[in-house]
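Asker: Here it is, the structure, as structure tokens.
FYI, it's all coordinate maths here, none of it is from the lab. Since we're looking at a predicted model, the values are computed, not measured. Glycine gets a Cβ as well: all are built from the backbone with ideal geometry, and neighbour counts include every protein chain shown.
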Amino acid sequence: MDDINRQIINTLQGNFPISDRPYLEVAQKLGITEDNLLQRLECLLKNKILTRFGPMYDIQKLGGSFSLCAIQVPPERFEEITRIVNAFPEVAHNYERDHEFNMWFVLATESAEQITQINQAIEEKTGLKVYNMPKLQEFFVGLHFQA
């Protein structure tokens, strides 16, 4: 990771410009070309230095729904269950925890009813109980990772 990539990561974590050429604006601030910025972003994503680059939407403000879910997965079935759960396009992210409930994932759907439907479908395909934990209260944390 060179200094320019660090600057890119630090710059793009907030206040992304809304304009006809936002990447050009950012590139000019960094003293590089727009093409170079785009190539570097592509490389950071390809090499998994960044896992995602894009906007974050509040699905509930757009009329949708989301929920945190957990499953107690037998360790010997973890990879199998991961493939099944991740096959649902409504699964926003899925991660393993060192806990009795060792698989946690977020569902993002167009409606609250779909949360129930997807969880039931996951239960049917896996034979395991899905524990649904909808958000009761939201807290905003301005998270910024300095590279």
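Asker: Tell me the relative contact order for the chain as a rounded percent, counting alpha carbon contacts under 8 Å between residues six or more apart.
Answerer: RCO, the chain: 25 percent.
Asker: Report the relative contact order of the range 65-134, percent, no decimals, based on alpha-carbon pairs under 8 angstrom and at least 6 residues apart.
Answerer: Worked out over the range 65-134, it gives 46 percent.
Asker: Mind checking the range 98-147 for GluC sites (Glu not before Pro) that DSSP puts in a loop (not H, G, I, E or B) and that have at most 13 other Cβ atoms within 10 Å? Spell out each step's value before the answer.
Answerer: On the way: sites: Glu100, Glu110, Glu113, Glu123, Glu124, Glu138; in loops: Glu100, Glu110, Glu138.
Hits after loop and neighbour filter: Glu100, Glu110, Glu138.
Asker: Once Cα extents along the principal axes in Å is worked out from the coordinates, which option in (1) 60, 46, 21; (2) 55, 36, 24; (3) 44, 31, 27 does it equal?
Answerer: Among (1) 60, 46, 21; (2) 55, 36, 24; (3) 44, 31, 27, the one calculated here is (2).
Asker: Still on this structure, please answer the following. Roughly speaking, what is the stretch gain from Asp3 to Glu34, that is 0.36 nm per residue apart minus the C-alpha to C-alpha distance, in nm to one decimal?
Answerer: The span from Asp3 to Glu34 would gain 9.5 nm if fully extended.
Asker: While we're looking at this one, here's another question. Could you name the lysines whose alpha carbon sits less than 27 Å from that of Lys46, not counting residues in the same chain fewer than 8 places away?
Answerer: Lys29
Asker: Let me ask another. For the chain, modelled as a GNM with alpha-carbon contacts under 10 angstrom, which of Val130, Val26, Val106 fluctuates the most?
Answerer: Val26
Asker: While we're looking at this one, here's another question. Over 16 Å, how big is the tail of the calculated P(r) for the range 59-109, in percent of all Cα pairs?
Answerer: 41
Asker: Oh, and also: Could you list the trypsin sites (Lys or Arg not before Pro) in the range 30-104 that lie in coil according to DSSP, counting only those with at most 11 other Cβ atoms within 10 Å of their Cβ?
Answerer: Lys48, Arg52, Lys61, Arg97
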